[in-house]
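Asker: Just dropping this structure here.
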Amino acid sequence: MAIIQGRPVGILGTGMKLPLKVVTNSDLEKQVDTSDEWIVQRSGIHERRMAQAGESNAALAAASAREAMRDAGVDAGDIDMIIVGTNSPDTLFPGVGPVVQGMIGAGRAGGMDVQAGCPGALFGMSAAAGGIASGIWDNVIVVGSEVMSPLIDQTDRGTCVLFGDGAAACVMGPWREGAMRVTHADMKADGNKSGMIEFPGGLAAEPASERTLREKRHFLKMNGREVFKFVSKELPDYLANFCQSCGITCDEVDWWIFHQANIRIIEKICERMNIPMGRVVINLDRYGNTSAASIMLALHEAREDALIQRGQKILISSFGAGMTYGAMLVES
Ligand code: UT7
């Protein structure tokens, strides 16, 4: 059941932080055998950000969390939990969540990471919604934060042109007048397809060795074509069923926030579901695929740009390594 019961749950504020360095498609033309034309036609991406020294995952996450707290009018001392959706933690442990807790001085908060592929922040928001609705937590910061660039083989044209770094956050808490309200959420996984996107080397299954380095097992591996097919096939029916379980038709959704992986995937889903592209939030042209940060960045920018108006329905969905996917319905 997708409906969130118990205390009404709100999104009280949002924020974001991007690395300063912009990497354009023409920069990548000098790095690998690619072209601006190929990247734009096949993905819709024009540029992305790349973290430099001092812009760790935790630093970006903390900066976005501070902005979200300012926006929400909530102090660090009021935070009960920090959940960071990430696939590129600075270290396997400690997680980014506990480090952010220390950085922002959230004295009484817990902190943890959700590692669930690109939907990590969406899964984190769902967990936060459950915790707030049931009364375990009052205020929760959920961050999507990625510094993927060191985890990507910068000589692999199949992946290095797609991903970007960045972080965005929201503060969730008991719903109050004027805040967006989270009403429904659903999360799925299909572990039998886990080989489509993986990071095999340097961990317990394949501890770092000369072989893992030589064979570049310590970089993201993705079968892009298979991911494309899987998502284009699964997501439309899944999202239509999700809408039904929320008691609405797809036409009643005012704004669609999809994981910003590839404009062609989004177009394909929209074509199959008869969703006009004018109702879709797009920022992948500027940031590329920022993995778990992507839906958070899009949500924050859609609020900042006043795309989202009072009384509208926003459907947020994501997919990624696992394979995982999920959806959330929010009313503004
Ligand atoms: O957030 C994680 C979820 N991941 C995704 O959503 C990724 C989903 N997949 C995709 O976005 C697309 O499949 C890609 C953008 C990764 C690739 O697009 P495609 O249309 O599926 O291309 P392809 O993999 O079928 O490759 C077509 C050709 C190949 O050459 P041949 O075999 O036809 O000679 C590739 O080697 O394009 C070549 N190619 C490139 N050419 C220039 C692959 N990458 C590049 C490149 N520049 N960067």
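The values are calculated or read from the model by the stated rules, or taken from the named source; none is laboratory data. This one's a predicted model, so the numbers in the text were calculated from it and none came from an experiment. Using ideal geometry, Cβ is built from the backbone for each residue, glycine included, and neighbour counts are taken over all protein chains shown. Accessible surface areas use protein heavy atoms only, side chains included; no ligands, DNA or RNA. Shrake-Rupley method; radii C 1.70, N 1.55, O 1.52, S 1.80 Å.
Asker: I'd like to compare 281-291, 128-138: which one has the highest average count of other Cβ atoms within 10 Å, and what's the full order after that?
Answerer: 281-291, 128-138
Asker: Mind checking the log10 I(q)/I(0) for the chain at q = 0.12 Å⁻¹? Debye, one equal scatterer per Cα, no solvent, two decimals.
Answerer: -0.78
Asker: Could you order the peptides 85-92, 2-9, 156-163 from most to least packed, using the average number of other C-beta atoms within 10 Å per residue?
Answerer: With the highest mean Cβ count within 10 Å placed first, the list reads 85-92, 156-163, 2-9.
Asker: If we count every other residue with Cβ under 14 angstrom of N87's Cβ, Lys/Arg +1 and Asp/Glu -1, where does the sum land? Mind dumping the intermediate values first?
Answerer: Numbers: positive: K221; negative: D90, D113, E146, D165, E198.
Once all neighbours under 14 Å are counted, the net charge is -4.
Asker: Next up: Which residues in the range 196-214 place their backbone N less than 17 Å from a point set 7 Å from the Cα of T155 along the Cα-to-Cβ direction?
Answerer: Inside the label zone: 210-214.
Asker: Okay, moving on. Express the accessible area of the range 169-244 per residue in Å², computed with a 1.4 Å probe while the remaining protein chains stay in the model.
Answerer: Per residue, the range 169-244 has 56 Å² of solvent-accessible surface.
Asker: List, largest first, the extents of the alpha carbons of the range 151-297 along their principal axes, each in whole Å.
Answerer: Principal-axis extents of the range 151-297 (Cα, largest first): 56, 35, 31 Å.
Asker: So what are the radius of gyration and Dmax for the Cα set of the range 68-129, in Å?
Answerer: Here Rg and the maximum Cα pair distance are 11.6, 32 Å.
Asker: When the helix-only estimate is applied to the chain (DSSP H runs of n ≥ 4, each -39,500 (n - 2.57), divided by the residue count), what is the mean residue ellipticity at 222 nm, nearest 500 deg cm²/dmol?
Answerer: The helix contribution divided over the chain gives -10000 deg cm²/dmol.
Asker: I've got another one for you. Going toward the positive end of the dipole of the chain, with +1 on Lys and Arg Cβ and -1 on Asp and Glu Cβ, which of S126, F242, I104 do you reach last?
Answerer: Final value for the positive-end residue is F242.
Asker: Expressed in nm², what is the orientationally averaged projection area of the convex hull enclosing the Cα positions of the range 222-322? It would help to have the intermediate numbers written out before the result.
Answerer: Details: hull surface 25.9 nm².
So the Cα hull casts an average projection of 6.5 nm².
Asker: Please tell me the relative contact order of the chain in percent, rounded to the nearest whole number, where contacts are Cα pairs under 8 Å and at least six residues apart.
Answerer: With pairs under 8 Å counted, the relative contact order is 25 percent.
Asker: Which order do the peptides 239-249, 20-30, 39-49 come out in when sorted by mean C-beta neighbours inside 10 angstrom, highest first? Present the calculation step by step, with values, prior to reporting the outcome.
Answerer: Working: 239-249: 16.3, 20-30: 14.6, 39-49: 19.7.
Taking the mean over residues of other Cβ atoms within 10 Å, the ranking is 39-49, 239-249, 20-30.
Asker: Let me ask something else. How large, in percent, is the carbon and sulfur part of the accessible surface of the chain at a probe radius of 1.4 Å?
Answerer: Of the solvent-accessible surface of the chain, carbon and sulfur hold 50 percent.
Asker: Here is a further query. Over the alpha carbons of the range 17-80, what is the largest minus smallest coordinate on each principal axis, giving the biggest first in Å?
Answerer: Ordered largest first, the range 17-80 gives principal extents of 50, 25, 16 Å.
Asker: If I model a spin label as a point 7 Å beyond the Cα along the Cα-Cβ vector, how far apart are those points for R42 and K21 in nm?
Answerer: Roughly 2.3 nm, to one decimal.
Asker: Around D36, what is the net charge, scoring Lys/Arg as +1 and Asp/Glu as -1 over all other residues with Cβ under 14 Å from its Cβ?
Answerer: Around D36, the surrounding residues sum to -2.
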